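See structure below.
The values are calculated or read from the model by the stated rules, or taken from the named source; none is laboratory data. Treat the numbers as computed from the prediction; the structure is a model and nothing was measured. All Cβ positions, even for glycine, are placed from backbone atoms using ideal geometry, and neighbour counts span all protein chains on display.
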Amino acid sequence: MNATLKQLASCAGVSTLLLLLPASAQAACDLTISHKINQVQGAALKSPLLNQTVAVQGVVSALLYGKDGAVGFFMQSQAQDQDQNPATSEGIYVYAGKAALPALKAGDVVSVRGKVMEFSRKGETGSETQLQPATAGDVQLCGAGGAIRPVALMLPLSGDPAQLEALAGMVVSFAQPLYVVDSYGYGRYGELTLSSSKRLWNPTQLYRPGSAEARALQKANPLDKLILDDGKTWPNADAWLPAPGGLAANRTLRVGDQLQGVQGIVSYSNGGYRLQPYGEPAVIAGNPRPAAPTRAAGQARVASFNVLNFFNGDGLGGGFPTERGAAKREDFLRQKAKIVAAIRGLDADVVGLMELENDGFGPQSAVQELVAALNEGQSADKQYRFVDPGLAKVGTDAITTGMLYRPARAQALGKAEALAIGDTGKNRTSLAQTFQLDGRQLTLVVNHLKSKGSACDKSLVEGLADIDAGDGQGNCNLTRVAAVKDLMKWKSQRSQYPQAGLLVMGDMNAYAKEDPIRVFEESGLANLLARFQSDAYSYVYQGESGNLDHALADAVLQAWVAGAGEWHINADEPTALEYGSEFKSASQQQNYYAPDAYRSSDHDPLYVDLTMPAGQSQAESKPAGQAPASSTPAPASSSSIASADFALLGMLGLAGWIAWRRRR
């Protein structure tokens, strides 16, 4: 985040009287002007006057603050000093650091003498032209009432870097509405990614990798987004939108929300151009938080949910920080409350889990604690058990797959299977279990394939190095494909309940048109989200949406499917609303958190609703083959939200969580 606005421009109706030093520090306006701002900026990416000392005059557009005080301001040429050359900018940033400055406000006319510098960080190809005054007398207040006329700008951009460089330091305005397409860095860095499109799609969500359509979208997406910064140079500042009051657990800003009247000052930092706010845009909730998905009476529901590294330490209240989850017990309790709220909201009879701590099935295990929390205070028909394959752990990774079910609705048949698929050092072990559900046999397989985050270029898959092929599928595509092929071999050879309907769910780390999903489909499985959703997504990454999470069914199970979808409680929400206390002030930990389902994870959960096929009764679909297995005993409530943990939650200032849940 670069230097930014402490308060917003008065031309938008917001007070911007920002004192840099008392008025007694002002000097007479007697600098001899040597250049105009457009001459300092020049028509190229870098100033033609680099390292020279110049004196210019202009109007203050915005004052910028660091955490400990003012660090500089933007200024823009008055109308009579502009050259009418669209290739030269009429604005510039004045970096003062800790230098003494006069009391300034937006609209003041100032004279500035300073050294022309190009500021960039190591590794950046671009830079920001700045003036750096040496003494307090190098910035002089010359009057008030200067006028700035914003320059009209539209998205998508042209793609020529000169377009924004020619506007560097200048105020621009957008007549078009803009939409939030990413808020990942909003809490930490104050950054919102805006677009003229309501949602930007990952190219391989819509088109085959490497196709002309995918390449065209890959090229177009970056031109249709621009970062709106928060005007602050320090991280973890209070998020300023939506107004009034800014971000809070009950006042969110979601992907798909619309911003009208966006005005900003073009600046360059962190490797790209961005806007510093000039005035406050109006926020229109274009994507309200969805309520829990309902289902018809008599239907059964199967769901899957990536629970974002659900680690419970040693299971006795200690063992924090954990390898991949909460940093401290208080954070884990907050996480647990959100995960429980989400799973209860899904109201599924069977739930597949990903990113569950791989610590077995004993009294102190993560899955045991989750089930105990889910069951606390619930009626018998709502209570869960977990599937136990009879192993110490499922796979060797720190995280694993898991499965929950309601004995009142689903009866576990036979023995759960842990399926090692593909490269077991990279793909998590899959978990398969057959259930009798409303008189039908259903085999659920929960999966978590290798992510795109780390390379597999040292791996050989069928003799080929698994490199990023540059077709949009990212790292480890061959590794994921090999895992799917192994799973499809198991499908064709499965010995337990081979006639049961097959449902494959989980985080495949592949978008809808990528090779792993194509292999599933070519093997006879139907993509249920594609069937029931015209715009499926479960994840947002770098401003692009798509579904990494999938539900696929064989022909038997397809006949029972009444609907499928995602519950959009996570992907569209700012990460600041997650459970963690890291990078948050004490007030932010309080204001950003609620023990509800929203931003309980980074993936949206999926659900599939099932009904009996027409003309078939439950008696006609009795299970055949093996006898039903005895269900895993319901775990003792050794650590529950509603009892033992409530006191600690209250100590954290969260004793109002019941009221939050009631409101939700």
Report task. Say whether the condition of being aromatic (Phe, Trp, Tyr) and surrounded by 17 or more Cβ atoms within 10 Å (Cβ to Cβ) is met by at least one residue in the stretch 234-244. Result -> yes
Query raised in the report: Being farther than 21 Å from residue 599 by Cβ, in contact with a Gly (Cβ under 6 Å, 6 or more places away or on another chain) and either surrounded by 22 or more Cβ atoms within 10 Å (Cβ to Cβ) or not assigned by TED's automatic domain parsing to the domain that holds residue 230 (or both), is that true of even one residue in the stretch 297-313?
Result: yes
Query raised in the report: Is the stretch 382-397 home to any residue that is modelled with pLDDT of 95 or more, of a type in the set (A, V, I, L, M) and assigned to a helix (DSSP H, G or I)?
Result: no
Requested in this report: Spot the failing condition for residue 282; the list is (1) surrounded by 15 or more Cβ atoms within 10 Å (Cβ to Cβ); (2) of a type in the set (Gly, Ala, Ser); (3) under 30 Å from residue 153 (Cβ atoms), and only one is missed.
Outcome: (1)
Report summary line: Within the stretch 211-240, the residues that are without any contact (Cβ under 8 Å) to a residue 24 or more places away in the chain and of a type in the set (Ser, Thr, Tyr) are 211
Query raised in the report: How about the stretch 442-460: which of its residues are in contact with a Gly (Cβ under 6 Å, 6 or more places away or on another chain) and surrounded by fewer than 24 Cβ atoms within 10 Å (Cβ to Cβ)?
Result: 452
Query raised in the report: Can you spot a residue in the stretch 457-471 that is in contact with a strand residue (DSSP E or B) (Cβ under 8 Å, 6 or more places away or on another chain), of a type in the set (Ser, Thr, Tyr) and within 23 Å of residue 608 (Cα to Cα)?
Result: no
Report summary line: Within the stretch 109-142, of all residues that are of a type in the set (Asp, Glu) and in a strand (DSSP E or B), the one surrounded by the most Cβ atoms within 10 Å (Cβ to Cβ) is 128
Requested in this report: Starting from the stretch 294-318, take each residue that is farther than 17 Å from residue 334 by Cβ and list its partners that are part of a loop (DSSP other than H, G, I, E, B) and hydroxyl-bearing (Ser, Thr, Tyr), counting only C-beta distances under 6 angstrom and pairs at least six apart or across chains.
Outcome: 299/611; 306/601
Report summary line: The correct count of residues that are under 15 Å from residue 132 (Cβ atoms), surrounded by 19 or more Cβ atoms within 10 Å (Cβ to Cβ) and among the polar types (S, T, N, Q) in the stretch 42-84 is 1
Requested in this report: Go through the stretch 521-552 and count every residue that is in a strand (DSSP E or B), over 22 Å from residue 215 (Cβ atoms) and either free of Cβ contacts under 8 Å to residues at least 12 places away in the same chain or small (Gly, Ala, Ser) (or both).
Outcome: 2
Report task. Take residue 376 and decide whether it is closer than 17 Å to residue 504 by Cβ and surrounded by fewer than 22 Cβ atoms within 10 Å (Cβ to Cβ). Result -> no
**Report entry** Unique match (being assigned to a helix (DSSP H, G or I) and touching a residue at least 40 places away in the same chain (Cβ under 8 Å)) among 562, 576
**Finding:** 576
Report task. Mind listing just one residue for me: the one in the stretch 423-464 that is hydroxyl-bearing (Ser, Thr, Tyr) and not in a loop (DSSP other than H, G, I, E, B) and, of those, farthest from residue 554 (Cα to Cα)? Result -> 459
**Report entry** Selection status of residue 21, surrounded by fewer than 21 Cβ atoms within 10 Å (Cβ to Cβ), over 37 Å from the mean Cα position of the chain (by Cα), at pLDDT 95 or above and part of a loop (DSSP other than H, G, I, E, B)
**Finding:** no
Requested in this report: Would you tally the residues in the stretch 465-520 being within 27 Å of residue 350 (Cα to Cα), of a type in the set (A, V, I, L, M, F, W, C) and assigned to a loop (DSSP other than H, G, I, E, B)?
Outcome: 4
Report task. Kindly indicate whether residue 327 is surrounded by fewer than 19 Cβ atoms within 10 Å (Cβ to Cβ) and either within 21 Å of the chain's Cα centre (by Cα) or within 28 Å of residue 565 (Cβ to Cβ) (or both). Result -> yes
Query - Members of the stretch 307-328 that are farther than 21 Å from residue 374 by Cα and of a type in the set (A, V, I, L, M) - result: 327
Query raised in the report: Is the stretch 449-465 home to any residue that is over 18 Å from residue 427 (Cα atoms) and in contact with a Ser or Thr (Cβ under 7 Å, 6 or more places away or on another chain)?
Result: no
Query raised in the report: Got at least one residue in the stretch 399-421 being outside the structural domain of residue 205 (by TED's automatic domain parsing), out of contact with any strand residue (DSSP E or B) (no Cβ under 7 Å at 6 or more places or on another chain) and part of a helix (DSSP H, G or I)?
Result: no
Query - Conditions (1) more than 26 Å from residue 476 (Cβ to Cβ); (2) more than 34 Å from the chain's Cα centre (by Cα); (3) in contact (Cβ under 8 Å) with a residue 12 or more places away in the chain; (4) surrounded by fewer than 16 Cβ atoms within 10 Å (Cβ to Cβ): number failed by residue 391 - result: (1)
**Report entry** Matching residues in the stretch 589-608 - criterion: being under 7 Å from residue 570 (Cα atoms) and touching a helix residue (DSSP H, G or I) at 6+ places or on another chain (Cβ under 7 Å)
**Finding:** 598, 599, 600
Report summary line: Filter the stretch 90-118 for residues that are at pLDDT below 95 and hydrophobic (A, V, I, L, M, F, W, C); the one that is nearest to residue 233 (Cα to Cα) is 96
Report task. Check 277, 281 and return the single one that is touching a residue at least 40 places away in the same chain (Cβ under 8 Å), in contact with a Ser or Thr (Cβ under 9 Å, 6 or more places away or on another chain) and not small (Gly, Ala, Ser). Result -> 277
Query raised in the report: Considering only the stretch 350-381, how many residues are on the phi > 0 side of the Ramachandran plot and either outside any strand (DSSP E or B) or touching an Asp or Glu at 6+ places or on another chain (Cβ under 7 Å) (or both)?
Result: 2
Requested in this report: May I ask you to say which residue of 500, 526, 530 is buried (at least 19 other Cβ atoms within 10 Å of the Cβ) and either at pLDDT 95 or above or within 18 Å of residue 426 (Cα to Cα) (or both)?
Outcome: 500
Query raised in the report: In this structure, does residue 187 turn out to be more than 27 Å from residue 118 (Cβ to Cβ), over 25 Å from the mean Cα position of the chain (by Cα) and in contact (Cβ under 8 Å) with a residue 60 or more places away in the chain?
Result: no
Query - Residue within the stretch 258-271 that is farther than 19 Å from residue 120 by Cα, part of a loop (DSSP other than H, G, I, E, B) and either of a type in the set (Gly, Ala, Ser) or not assigned by TED's automatic domain parsing to the domain that holds residue 584 (or both) present - result: yes
